[in-house]
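Q: Quick one: the structure is below, questions incoming.
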Amino acid sequence: MKRNLSGVISRDLQRKIILISEPRQSGKITLSKMIGNDYDYLNYDNSADRVRIREQSWDRIRDR
């Protein structure tokens, strides 16, 4: 199923970080995986990811 925001998010990912914030169980991961696997996915509920977010230690440029 195509989500309305997937096109907008895909375009914006070319030049900025995207934060998807919705209630639990509303399809955030599904939407993220539909957009593509070329980007890092960080989950703020995951303690290791939360540390990476706070330290800003993710790779902004990934090999494709």
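The values are calculated or read from the model by the stated rules, or taken from the named source; none is laboratory data. Note that the structure is predicted; figures quoted are calculated from it, not measured. So basically every Cβ, Gly included, is an ideal-geometry build from the backbone, and we count neighbours across all protein chains shown.
Q: Would you check which residues across the range 11-60 are surrounded by fewer than 10 Cβ atoms within 10 Å (Cβ to Cβ), at negative phi and more than 14 Å from the chain's Cα centre (by Cα) and list them?
A: Those that are surrounded by fewer than 10 Cβ atoms within 10 Å (Cβ to Cβ), at negative phi and more than 14 Å from the chain's Cα centre (by Cα): Pro23, Arg24, Ser47, Ala48, Arg54, Glu55, Ser57.
Q: Also: Scanning the range 38-63 for residues that are assigned to a loop (DSSP other than H, G, I, E, B) and over 17 Å from Asp12 (Cβ atoms), which turns out modelled with the lowest pLDDT?
A: Ranking the candidates gives Asp63 first.
Q: Moving on to the next point. Restricting the search to the range 12-23, which residues are at pLDDT below 85 and over 17 Å from Trp58 (Cβ atoms)?
A: Ser21, Glu22
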